[in-house]
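Everything below concerns the one structure shown next.
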Amino acid sequence: MQRTIPSSATASPAASSTPDLPEPGGLCAIHQPNFLPRLTTLAKLFAADYWIVLDDVQFTRRDYQHRARLANLDDSAGQQWLTVPTRLPSGRPTLIRDAVIDDPDLARRRTAGMLRQHYGASPHWPALAEALDPVLDAFDTGKTATVAETSNRVLLDLLGWKGQVLTSSRLPARPGRSVRLADLSAATGARAYLCGTGGMTYLDPAPFTVQNIAVASFRPPTTGIWSSGRRLSALWALATLGPDAVAARLRALTAHRGRLQMAAAPSSWRGTYHRTWPWPDFREAGVSPRVPVNTPSRVAAVSASAPAAVRLSDPQR
């Protein structure tokens with residue numbers, strides 16, 4: 001599947017061009033652009049065939065849309081927030097795509113300095129610094145969402161993800177939390193929507209059932225590097241283990257995606273299917289061994305558990 005090139009700006013809802021849609025029948029993840037995303041968020045996007053950037057919903061402060069929790073390289077318990085100072089032109093109703101950075105130059109320098117301070121001693125820092133340079137460049141747009149989206153894109157690229165990125169503001173969808181997610185999934189021809197554990201607490205499966213789209217619950221492991229994966233930016237794991245090792249772990253979670261798609265697909269997409277997943281390799285990957293096939297919700301449990309231009313790779317800084 002062809003990968004899109006990282007954009008320098010969030011797509012406008014008034015864009016007249018139609019986005020290049022992916023091949024139908026894949027796994028779809030829908031998520032707000034998070035700044036230097038957590039490992040679990042990055043793993044969910046990595047597991048999907050395409051990510052729809054949810055940019056036209058309300059910006060939420062005290063969330064991960066403009067901040068990330070960094071951890072000390074040699075002690076993950078030592079943590080510090082890195083925040084992109086953000087101003088909301090329309091107050092609380094401001095949409096994610098409309099949030100702006102307060103003093104982008106200062107924010108860029110501070111971001112570069114804190115990342116180097118936390119991870120500059122890692123043997124993997126040169127590769128990380130080079131990969132993160134486009135994130136620093138994105139501060140020039142003055143848009144918080146562009147910086148956040150770019151941070152996701154470059155990390156997915158670093159890990160070898162081959163999927164496609166689309167933007168919700170350029171796709172047709174009705175209002176309503178679950179209806180909107182179902183419409184966005186349908187617009188891309190998805191056979192299954194990959195939902196995080198937080199989303200499963202409120203998701204109404206009915207709009208997905210009507211459109212013949214399954215809901216797959218993504219639950220990453222909780223041990224090893226995953227024990228802090230819901231809190232820390234993925235940068236800590238990348239700096240500690242290296243991009244290749246982290247990519248190998250993410251690939252292990254998605255190694256059986258073909259079976260996952262079959263199990264998650266609505267009944268009209270498949271023939272007779274057993275209710276259990278007895279495959280030991282699925283259990284090792286953390287996938288729930290039982291999948292209800294004919295439930296009304298058709299939910300498949302998928303477990304996996306100063307200068308204007310400051311660059312991280314600049315050895316003089």
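The values are calculated or read from the model by the stated rules, or taken from the named source; none is laboratory data. Not measured: the values here are computed from a predicted model. Every residue, glycine as well, gets a Cβ built from its backbone with ideal geometry; the counts of neighbours run over all protein chains shown. These accessible areas exclude ligands, DNA and RNA; they are computed on the full protein's heavy atoms, side chains included. Shrake-Rupley method; radii C 1.70, N 1.55, O 1.52, S 1.80 Å.
At 0.36 nm per residue, minus the direct Cα-Cα distance, what do Ala121 and Thr94 gain on full extension? Give it in nm, one decimal, please.
Result for the pair: 5.9 nm of gain on full extension.
Could you order the peptides 133-141, 156-164 from most to least packed, using the average number of other C-beta atoms within 10 Å per residue?
The peptides rank, most packed first, as 133-141, 156-164.
Please list, in chain and number order, the residues 5+ apart from Thr167 or on another chain whose amide H is under 5 Å from its amide H, with Hs placed from the backbone.
Distant-sequence amide H within range of Thr167: Val53.
Among residues other than Asp103 whose Cβ falls under 10 Å from its Cβ, what is the net charge (Lys/Arg +1, Asp/Glu -1)? Mind dumping the intermediate values first?
Working: positive: Arg87, Arg108, Arg109, Arg110; negative: Asp102, Asp105.
Result for the local shell: +2.
Express in nm, to one decimal, how much length is gained between Asp140 and Arg87 on full extension, taking 0.36 nm for each residue of separation and deducting their alpha carbon distance.
17.5 nm
Tell me the accessible surface of Glu130 in square angstrom (1.4 angstrom probe, heavy atoms of protein chains only), to the nearest ten.
Rounded to the nearest 10, that gives 130 Å².
How many angstrom lie between the C-alpha centres of segment 175-192 and segment 228-257?
That distance is 28 Å.
Quantify, in whole percent, the carbon and sulfur part of the accessible surface of segment 145-187 (1.4 Å probe; protein heavy atoms only).
Percent of accessible area from carbon and sulfur atoms in segment 145-187: 53.
Taking the Cβ-Cβ separation of Thr223 and Ala255 as r and a Förster radius of 22 Å, what is the calculated FRET efficiency to the nearest 0.05? Numbers along the way, then the final one.
Numbers: r = 18 Å, r/R0 = 0.83.
According to the calculation, E is roughly 0.75.
Could you work out how far apart the two model spin labels at Arg231 and Gln211 are, taking each label as a point 7 Å from the Cα in the direction of the beta carbon, and quote it in nm?
A separation of 3.6 nm, rounded to one decimal place.
Any chance you could list P(r) for segment 149-194, counting all Cα-Cα pairs in 5 angstrom bins from zero, rounded to whole %?
Reading upward from the zero bin: 5, 19, 24, 18, 18, 12, 4.
Per residue, how much accessible surface does segment 47-146 expose to a 1.4 Å probe? Answer in Å², no decimals. Spell out each step's value before the answer.
On the way: 4240 Å² over 100 residues.
Ligands and nucleic acids excluded, the result is 42 Å² per residue.
Between Asp244 and Thr197, 0.36 nm times their residue separation minus their Cα-Cα distance comes to what?
Between Asp244 and Thr197, full extension yields an extra 14.3 nm.
How far apart, in nanometres, would the label points at Asn72 and Leu21 be if each is projected 7 angstrom from Cα along the Cα-to-Cβ direction?
Placing both labels 7 Å along Cα→Cβ, they lie 5.2 nm apart.
Output the Kirkwood hydrodynamic radius of segment 110-206, Cα pairs only, in Å rounded to one decimal. Don't skip to the end; give the middle numbers.
Details: mean 1/r = 0.0618 Å⁻¹.
Computed over Cα pairs of segment 110-206, the Kirkwood hydrodynamic radius comes out at 16.2 Å.
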